[in-house]
1. What's the number of the condition R214 fails, among (1) assigned to a helix (DSSP H, G or I); (2) modelled with pLDDT of 95 or more?
2. Would you point out which residue out of E44, E76 is within 28 Å of L188 (Cα to Cα) and crowded, with 16+ Cβ neighbours inside 10 Å?
3. Since R214 meets every condition but one in (1) at positive phi; (2) free of Cβ contacts under 8 Å to residues at least 40 places away in the same chain, which condition does it not meet?
4. Residues that are farther than 25 Å from F202 by Cα and of a type in the set (G, A, S): does region 95-112 have at least one?
5. Any idea how many residues of region 91-103 are assigned to a helix (DSSP H, G or I) and either within 21 Å of L23 (Cβ to Cβ) or within 15 Å of the chain's Cα centre (by Cα) (or both)?
6. How about region 57-88: which of its residues are free of Cβ contacts under 8 Å to residues at least 40 places away in the same chain, charged (D, E, K, R) and on the phi > 0 side of the Ramachandran plot?
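The values are calculated or read from the model by the stated rules, or taken from the named source; none is laboratory data. Keep in mind that this is a model prediction, so the values were computed, not measured. Heads up, the Cβs are rebuilt from the backbone with ideal geometry, glycines too, and the neighbour counts pull from every protein chain shown.
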Amino acid sequence: MILAAGLGERMRPLTEHTPKPLLKAGGKPLIGWQIERLKRAGFERLVVNHAHLGLQIERDLGDGAAYGVTIAYSDEGLPLETAGGIVTALPLLGTGPFVVTNGDVYTEFDYARLLPVLQGMAGNPEHLAHVVLVDNPPHHPQGDFALDGSKARQDGAGKLTFSGVACYRPELFAGIAPRTKAALAPLLRQAMARGQVSGEHFTGRWEDIGTPERLAALDRELELRHVA
């Protein structure tokens, strides 16, 4: 699942008429980079949620054939926050573990790394989530979660930033009704306290494209890389 329902408020005025995942860098929408990496890793059935200007996303991506994938859409109308959006999309995601990532970041994470994680989670009902953590960016120095070996913890030394890339079992979201607003962090913290969340530290490229200036810098970098 690719999360694409945010309002993109920090990216105004660019997002007043264009949803943030469709903003372009290197001649390609941010969400397009994500779809290509997922496809390369073997993920060919995708679900995209949307709210703000969401029909533009459906028109731009279509059924996914241009990327060699199939895309189903979960139209929220009004943003439901991360957990609420995932719960609302569960009928499209099936009953097994699934990968979630954000449609408005740039990362060079290899999603194939998550295939064995999904397989392990499928055989362990107590393994509710796996989170990918990254080095803390300048705008988020406090981090989110810590790692204790392969376990993710709410507290601990050396807290890292949650990248938004994760694997979840549907059971993590039990008790939340579809089409209701619900945040993800409380669910993860509760599951971490029970020892039901694993994690890994990704040290490669991950960037939260949170300002027009960061988008412009990424665009220049990718254009130069293409020329080279």
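1. Going through the list (1) assigned to a helix (DSSP H, G or I); (2) modelled with pLDDT of 95 or more, R214 breaks only (2).
2. E76
3. With respect to (1) at positive phi; (2) free of Cβ contacts under 8 Å to residues at least 40 places away in the same chain, R214 is out only on (1).
4. Taking region 95-112 first, the residues farther than 25 Å from F202 by Cα are 95.
Adding the requirement that they be of a type in the set (G, A, S) leaves none.
No, region 95-112 contains no residue that is farther than 25 Å from F202 by Cα and of a type in the set (G, A, S).
5. Just the residues of region 91-103 that are assigned to a helix (DSSP H, G or I), to begin with: 91-93.
Then drop every residue that is not either within 21 Å of L23 (Cβ to Cβ) or within 15 Å of the chain's Cα centre (by Cα) (or both), which leaves 93.
Qualifying residue count, region 91-103: 1.
6. Across region 57-88, there are no qualifying residues.
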